Structure formats: structure tokens, C-alpha cells
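One structure is given below, encoded as C-alpha cells.
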Amino acid sequence: MTEPHQPVRILGFVNHIAPAADIETHIATAFGWGVDVVVAQGTGSDWGPYWLGSGEQVAANQAANVRPYVKAALAHGVPFVFSFGIAGADAHLEACLAQFDALCAAEGWDVSIGVVRSELAKPYLTAALTAGAEVVPASDGAGPAGRLSVADVEAADRIVALIGPEPVMAALERGVDGVITGRALDIGLFMALPMLRGIPPAVAAHAGKLLECGGLALSPGDSGQCIWASLDADGFEVRSPNPAATASVRSLVSHTFYERAHPTLEENPGGCLDLADARYEPTVTGVRCTGARWIERPYTVLLEGAKREGFRAISMLGVREPALLAQVRDWTDAAEKTLRESVRFAGAIDDGRLRVSTRIFGLDGVLGPAEPEKMVTGHEAAVVLDVVAEDRALAEEAAYFGFIRLFIGPYPQRKTTAGNAAAPFMPVVIPVSEVYSFSIYHLLPLTDPVAPFPAAVTRFPRGRDDRREGV
Amino acid sequence: MRLYDCAAIIRSKNAGPFTVTVDIFFDDPAMFALARGSRLLTAAGVAEAYGVAPDTVKGIYWDERILAAKVSLLRWSSSTDRFCADLFGAHLHTPLAAGVLA
């Protein structure tokens with residue numbers, strides 16, 4: 001690393017959220033201040049395990065979202081760094097890269113991209129485990145417990161690592177126009193170029209934490225807007241390129257709270273970011289942020305793995321009949337009981353191949369057992385019979401059986417003998433999707449943070465041969 | 001007085017798949033002080049509000065600079081569960097918000 005002689009200026013946004021309509025004006029403002037790298041995250045676990053397990057990609061069109069930013073970066077000759085694919089395994093990254101191909105072709109761009117994949121092959125992990133790697137759970141008291149086993153790896157449908165800044169730094173050093181990764185630590189994307197230019201990890205990580213959600217850290221917060229910062233050896237200044245928003249001490253400190261269990265401590269690969277003594281001072285143009293500490297730790301990456309649990313089918317019914325609303329949970333309990341006791345389903349329920357739950361929106365659909373209200377207080381409610389079974393046929397059959405019991409099942413003081421509730425959808429049983437769990441949420445120690453995640457420098461739009469090979 | 005009525009912002013969200021965090025921002029220093037001295041915003045008070053064990057409350061934090069509090073607890077049902085009703089954890093502030101500050 002070299003001593004930083006010049007500030008490193010970052011333009012940040014979120015690439016899984018569509019940019020605001022006026023974004024090109026604000027991008028131009030930021031480039032007027034100077035930009036050395038454009039960075040945006042587009043992966044996360046907040047969507048749950050479905051996407052990771054299924055390999056399907058959220059319909060966010062991340063390539064379209066980056067268009068105005070890539071256009072500006074190319075025009076100014078500065079690199080961009082994006083993570084793509086939400087769950088961020090190879091299938092998701094490839095879906096985004098195919099859209100990026102089309103974007104480059106449509107715009108007439110010819111760019112070299114360092115593509116960094118972060119899906120880990122099962123043989124790689126089983127070899128690490130066999131060699132004695134201690135892969136411990138990352139969550140304390142919830143989520144997968146116990147050390148990662150070879151059986152866990154084999155049972156998972158797909159496993160990704162949240163790569164740190166190092167593989168991105170290695171890719172940037174190859175002089176590419178941009179780096180596109182799969183699943184990655186959000187702040188690591190922001191840390192990469194500053195660290196290459198000698199900015200201390202504490203400053204780079206602190207800035208990354210404030211920039212990672214784009215304009216959300218401004219006031220008013222909006223992830224469809226961008227955010228700008230200039231980093232030096234001691235700290236950084238944050239500004240809002242959008243004149244309708246401002247960077248304020250409160251908006252920035254509030255943002256350090258966002259989606260974090262602890263307000264000032266954050267464990268990252270190779271270190272802990274400590275903001276206990278961070279200082280935020282208003283400037284004429286924004287807010288100056290200093291005082292972060294980086295406490296070195298052994299290098300680990302977080303692994304996320306998903307495993308198939310079954311197939312979901314639902315049936316939905318609207319209830320507006322007062323006598324039924326007054327006893328709606330008793331009525332759905334009776335339908336569930338009939339289903340559980342029927343000879344067709346009892347065995348599957350007993351051995352866990354079939355599970356049934358009934359949500360009642362208008363009663364306890366949001367909080368479940370934690371809901372203090374025990375009666376419907378409004379004039380209508382929605383009943384969602386939710387079935388997860390080992391396969392689609394069983395899920396649909398059980399959901400239909402449950403629907404019929406709800407539709408015709410007797411209840412005390414019933415006057416509605418021609419049908420109990422309103423069916424809004426046909427088919428009344430809606431096949432939803434395969435169902436997955438997070439079966440792996442563990443920390444993998446690495447001696448070399450780059451080696452498992454090499455960059456493949458690729459020209460976009462990719463040629464026919466590349467596309468055929470699915471590179 | 002309910003916490004909901006004292007706070008300018010009260011929001012919840014996942015902090016990783018298995019933890020939910022509730023951020024509370026106050027406009028009035030007196031309300032911040034009332035909350036900070038309350039039983040509701042203790043591990044025992046939070047556990048009672050959600051009907052969970054006190055050792056699943058991971059922490060309650062205060063920031064005087066911006067008049068803010070943060071409450072983090074393990075999720076009793078998360079996106080890894082088949083029948084989780086709030087995948088992003090965006091509505092889990094409600095039991096705490098309904099709690100009364102002494």
C-alpha cells in the first residue's frame with residue numbers, strides 16, 4: 001500500500017433498486033465534484049433463502065438500474081464496482097451478466113469486466129472440512145447451530161461466500177473498466193479502491209457503511225438516489241448530489257443503526273469496525289466523519305447455504321360474515337383438524353412430509369402467536385391456508401382438501417349454508433414455489449482471501465462462443 | 001404514554017436473517033429521557049413486550065447525540081422457517097411500540 005496523497009472519491013448507490021427519474025442530473029453533479037470509483041451493492045440475505053436455493057433471480061433488472069452510472073463512469077474513465085444477483089450465486093450472477101451483455105450491446109459499449117464469482121463448489125468446502133477447517137456458526141442462538149459438516153455441505157442446494165474487499169482489489173489491479181461480483185460484503189465493495197490507494201481500512205469501512213445503501217443515509221432517505229464521499233487518511237466528507245436531500249449528522253448516524261444488531265461494532269472479514277468514538281461534524285457542503293477504528297481479526301468469510309424443504313401451495317378466502325368473523329380461528333382450526341385426521345394426510349403429517357398453517361389477516365396474520373388481539377376487530381378478514389409438503393402434488397391436494405373444509409365446513413349458528421366465504425382466485429389452490437431454509441450460515445476461515453475468488457477478465461458484450469459456454 | 005406516541009420514528013428490520021433490530025428516534029430530549037428511564041426498554045421489559053425469553057434480547061443501546069435507541073433481539077421465527085409471516089422483519093416493532101413508558 002502507498003500513502004494516500006490525494007482523496008479518493010466514491011459515488012455510491014444501490015443497484016437492486018431502480019434509480020430516481022432525475023438521477024442523471026445528480027450523477028453529473030457528483031462527477032463535477034470528482035469521482036474516482038462508482039460503487040453499488042446488489043446482493044443480500046434479506047430476501048430469505050428462496051432465491052439462493054432455487055437459483056432464480058429477483059426481477060430487479062439490476063443491469064438496467066446501473067445504466068446511467070456505467071455511462072457516466074465510462075465517459076470519465078473511472079472504474080465501477082457492483083455486486084449482482086441478490087442471492088449472488090453463479091446462476092443469479094449469470095442472469096444479471098446476460099442482461100448486462102444486452103445493455104452493453106444496446107449502448108454500443110465495449111468494456112472489460114473483472115467478473116468475480118462467489119459461489120463455492122461443494123468439493124472445495126468438503127476438502128477444507130476434511131483438512132480440519134473449523135467452520136463455526138455465525139449467528140448466536142438462532143439459525144443453523146453446530147460446526148459445519150460435510151453432510152451439511154452435501155445437503156445444501158447452493159452455497160455462497162460474502163467476499164471481502166480483497167478479491168475486488170485484485171480485480172481492479174488488472175486495469176479493468178469495472179468489477180462485477182456475486183454475493184459480497186456490501187462495505188467491502190466500497191473499501192476496495194480506497195484501500196488500493198492507501199486509505200486506512202477504518203476510514204474505508206466507515207465510509208462504506210454510510211454509502212452502502214446509497215441515498216438512504218441522507219435526509220430524506222431514498223435508496224433510489226445516490227450519495228458521494230471524499231476519503232482521506234483521517235476521515236471522509238459525505239455529500240448529497242441531490243439538492244433536495246442533505247447529509248446531516250442525524251441522517252448519517254441513524255444510518256449506522258440500519259439493519260445492524262449493534263450500533264457501533266461490526267464484525268467483518270479480517271477485522272471489526274468500531275465506531276464508538278466516531279465523530280460527525282457538519283461542513284458547509286456536507287458532514288465530515290472521523291474517529292473510526294479497525295481492530296484486526298482472523299480472516300473469515302460468511303457462508304450462506306440453502307436447502308430444499310418442500311413445495312408450497314396456498315388457498316385464500318375472504319370472510320365478511322359477522323357470525324363467522326366472531327369465531328374465525330375456531331372455524332379454521334376445525335378445518336385443519338379434519339385435514340390432520342383424514343386418512344389421506346395423517347401419515348404424511350406425522351412423519352413431517354406435510355405441514356399446514358393458517359394465517360388470518362385481520363386477526364394475527366402479521367404477529368402470529370405474539371398478537372395481543374384475540375378477536376377480529378374489523379369488518380372483514382383474509383384467511384390464507386398455507387401448505388408445505390414434500391412435493392407439489394401433495395401440497396396442492398392438501399390445500400384443496402383444506403379449502404373445501406373451509407368453504408363448506410359447519411360452524412355454530414351458521415346461516416351461510418351455500419358457502420362460507422369468498423374465493424378471490426381460481427384456481428382456488430395457488431402453487432407458490434419450492435421452499436428452502438438457510439441450512440448454512442457459518443464462518444469459513446481463509447488464509448488467502450483472494451485465491452478462492454479469482455477474477456475472470458471478460459469483454460462485454462460477450463461473444464457468441466462465450467455465451468454458448470455460459471462463461 | 002405509549003412508546004409509539006413518544007417516538008418520531010420507530011422502525012424494525014432484519015439485522016442478518018436471524019436477528020431483528022428496532023430503531024427508535026426521538027425529536028424531544030424529554031421523551032428520550034423518559035424512554036431511557038423506562039422499564040419497557042430493559043431486557044426484561046422488551047422480553048415481556050414480545051413474550052420471549054430475556055436472554056434472546058441481544059442488546060439495548062442509546063445514542064444521545066441523535067436521541068436514538070436500538071433494541072436487538074433474536075427472531076423467534078425467521079425467513080428460514082416455512083411459515084414466517086414477516087420475512088424482512090419490517091413490522092416487528094409493533095409489540096414494542098404498543099408498550100407503555102412508566
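Just so it is clear, none of the values below were taken in a lab; they were calculated from the coordinates. If you're wondering where the values come from, they're calculated on a predicted model, not measured in any experiment. Neighbour counts run over all protein chains shown; Cβ positions are idealised from the backbone, glycine included.
Some observations on this one:
- Pairs of Cα atoms nearer than 8 Å and 6+ residues apart set the relative contact order; for region A:308-438 it is 46 percent.
- Reference-scaled alpha-carbon Rg (2.2 N^0.38 Å with N residues) for region A:46-187: 1.18
- Working note: Debye formula, equal point scatterers on the alpha-carbon atoms of the protein assembly as shown, no solvent; log10 I(q)/I(0) at q = 0.06, 0.09, 0.10 Å⁻¹ is -0.34, -0.76, -0.92.
- Debye intensity ratio in log₁₀ form over the Cα atoms of chain B, taken at each q of 0.09, 0.14, 0.20 Å⁻¹: -0.20, -0.48, -0.95
- Neighbour count of at most 10 Cβ within 10 Å plus DSSP loop: longest trypsin sites (Lys or Arg not before Pro)-free window in chain A: A:1-373
- Convex hull of Cα atoms in region B:13-62, direction-averaged projection (nm²): 3.8
- Region A:308-438, Cα convex hull volume normalised per residue, Å³: 111
- Computed over chain A, relative contact order equals 20 percent, with contacts defined as Cα pairs under 8 Å that lie 6+ residues apart.
- FRET efficiency, A:Ser433 to A:Ala131 (Cβ-Cβ, R0 45 Å, nearest 0.05): 0.75
- Where a label projected 7 Å from the Cα of A:Met375 along Cα→Cβ would reach, residues of region A:315-346 with amide N under 18 Å: A:320-332
- Net charge of Cβ neighbours under 9 Å - reference A:Cys272; Lys, Arg +1; Asp, Glu -1: -2
- Helical runs (DSSP H, four residues minimum) scored at -39500 (n - 2.57) apiece and divided by the length of chain A put the mean residue ellipticity at 222 nm at -9500 deg cm²/dmol.
- In nm, spacing of pseudo-spin labels at A:His76 and A:Ala233 (7 Å Cα→C-beta vector): 2.5
- Of A:Lys374/B:Lys70; A:Lys307/B:Lys70; A:Lys209/B:Lys13; A:Lys374/B:Lys58; A:Lys209/B:Lys58; B:Lys13/B:Lys70, those spanning more than 23 Å from alpha-carbon to alpha-carbon: A:Lys374/B:Lys70; A:Lys307/B:Lys70; A:Lys374/B:Lys58
- Just so you know, the averaged projected area of the alpha carbon convex hull for region A:148-196 sits at 4.4 nm².
- For region A:286-307, there are no residues whose amide N sits under 16 Å from a probe point set 7 Å from the Cα of A:Ala98 along the beta carbon direction.
- The distance between label points at B:Ala102 and A:Ala456 comes to 6.3 nm (points 7 Å beyond Cα on the Cα→Cβ vector).
- Gain upon complete extension [A:Ala323, A:Tyr124; 0.36 nm per residue less C-alpha separation]: 65.6 nm
- Cβ-based net charge around A:Ser54, under 10 Å, with every Lys or Arg adding one and every Asp or Glu removing one: -1
- Radius 15 Å from Cβ of A:Phe453, net charge of other residues (Lys, Arg +1; Asp, Glu -1): -3
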